[in-house]
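Notes follow once the structure below has been shown.
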Amino acid sequence: MAVSGSAVLEAVLGRIWASPRIVEGFHALCDFGGRFAGTASEARAQAFLAERLSTIAPVRREPVPYRGWTRGPARVTLPDGQALAAHALVRSVATAAAGLTAPLVDLGRGTPVDIARAGKTVRGAIVLVRHEFMLGRDHVHRRRKYDAARAAGAAGFLIAAHLPGVGPVTGSSGDGGAGHIPCVGVGFEEAARLAALDGRPVTLHVDGVFADAEATNLLATIPGTGEALVVLSAHIDGHDLAESAIDNASGLACALAAAEALADVVPDLPRGIEIGLFTIEEWALAGSEAHLATMPEADRARRVLNVNLDSVAGDDTLTALTSGVPGMDAFLRTALAPAGLSVGLHPGFMGNSDHANYLRAGIPAFRLCAGFERPGSALSLLLTRADTRDKVHPHQLKTAASVTAAVLLAACSGAALPPRLDMATIARLTSG
Ligand SMILES: [Zn+2]
């Protein structure tokens, strides 16, 4: 497209807005189900994504060996014999067939401070903590609670949804190795029943089967005229409770739409785009970690920026989680101004998506997400059965894709990017 910069921008954003394609892609991904890694649902989504990517550029399938796991049933049985529904956290250790019987200790929110305050009562107990809205400044991640509980000697771990009517919450825990404990999500209502039993014994049953498995990252490159690449990433996998629509069918649909809109523009620009669709993100970011760990240093050096799309619809606000990367705010403002767009900018480190692995590799990175600091938004429904497509409006997908495309266009056109991160900067940014 040999036309002026503003005409290119208008053409690229027009392709996103004047087509139903992004909405169709989003619905197709939701149709496959929650895309839990290693399931037929994920395999169908992978095939669809590979097909769409192949219309942009040749697709590279990157195998990632990992310790796979198949979820079995879980329940919590009360002293009166009533069984409450529960959902094993990813890679929970299984209990013995007779279950794990131990006193229930309600730790409230269950932060590491709460757990320290509870002292010796945690040892040998089945602890109950609360999930919380994940896209906020004060969020304490489930894994920090889980790690603190097992370090304090807990025998079992229950995490409760923080909202009524959405069933149990899910998420990752450990890798099922030595020192890990059985852990499940429960619903808000079940937690209320359990909290009333504080100090009395309950029995936890969890089943699940571990087996070595292989996941697949999908990669495709639209080369520019030079060596440098801007990485556009989104995670493929989700959870088996629902459609994982916001998290992260929204990010996948936007990544495809932005890349498609730019596909015939980028070959004339100084920097190219690498599209990285990573899996087992919900398993402690394992797909992108393996991708970067095996990458030769010279190849890492070519990658100058990571734009990571994770949960980019479900609310009308968009925020770039920049982790305080020096120069990122200025770059984003400059990149979005020609389109009359802007996003919120949050400098705190949020390590719960694939951009964290790019930062650790020294590559300036940010995550785009919707609903930051909006606990009343649909983003509060992530990791529950309520993360379904009806929470997402077409204009939210198109706005997120437009922001993405405008940022990529500026970066590929040669805009000044944040500098690479040295070891001291990486340590400072990721310690928060
Ligand atoms: Zn996600």
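The values are calculated or read from the model by the stated rules, or taken from the named source; none is laboratory data. Just so we're clear, the structure is a prediction, and the values are computed from it rather than from any experiment. With ideal geometry, Cβ positions are generated from the backbone for all residues, glycine too; neighbour counts draw on all protein chains shown. All accessible areas refer to the heavy atoms of the entire protein, side chains included, with ligands and DNA or RNA removed. Shrake-Rupley method; radii C 1.70, N 1.55, O 1.52, S 1.80 Å.
For E243, the conditions (1) open to solvent by 10 Å² or more (accessible area, probe 1.4 Å); (2) at pLDDT below 95; (3) within 16 Å of the ligand (Cβ to nearest atom) are fulfilled apart from (2). Across the range 230-240, the qualifying residues are those that are more than 14 Å from the ligand (Cβ to nearest atom) and surrounded by 24 or more Cβ atoms within 10 Å (Cβ to Cβ), and the one among them that is nearest to the chain's Cα centre (by Cα) is L232.
Among the residues making up the range 256-298, those that are within 13 Å of the ligand (Cβ to nearest atom), under 22 Å from R52 (Cβ atoms) and of a type in the set (A, V, I, L, M) are L277, I280.
Here A378, A335 are screened, and the one residue that is within 16 Å of the ligand (Cβ to nearest atom) and either surrounded by fewer than 17 Cβ atoms within 10 Å (Cβ to Cβ) or over 15 Å from the mean Cα position of the chain (by Cα) (or both) is A378.
Flag not set for A253, criterion: more than 16 Å from the ligand (Cβ to nearest atom), assigned to a helix (DSSP H, G or I), outside the structural domain of V90 (by TED's automatic domain parsing) and in contact (Cβ under 8 Å) with a residue 24 or more places away in the chain. Out of V105, V166, V129, V113, one residue alone is over 20 Å from L383 (Cα atoms), in contact with a helix residue (DSSP H, G or I) (Cβ under 7 Å, 6 or more places away or on another chain) and outside the structural domain of T322 (by TED's automatic domain parsing). It is V105. Within the range 343-375, being under 30 Å from G165 (Cα atoms) and surrounded by fewer than 21 Cβ atoms within 10 Å (Cβ to Cβ) holds for G351, E373, R374, P375.
Here's a check for you: in the range 299-332, which residue that is within 21 Å of T425 (Cβ to Cβ) and touching a Lys or Arg at 6+ places or on another chain (Cβ under 6 Å) is farthest from the ligand (Cβ to nearest atom)? Checking each candidate, the answer is L321. Counting only strands (runs of 3 or more DSSP E) wholly contained in the range 177-249, the ones carrying 3 or more residues that are farther than 20 Å from A74 by Cβ occupy 201-222, 229-235.
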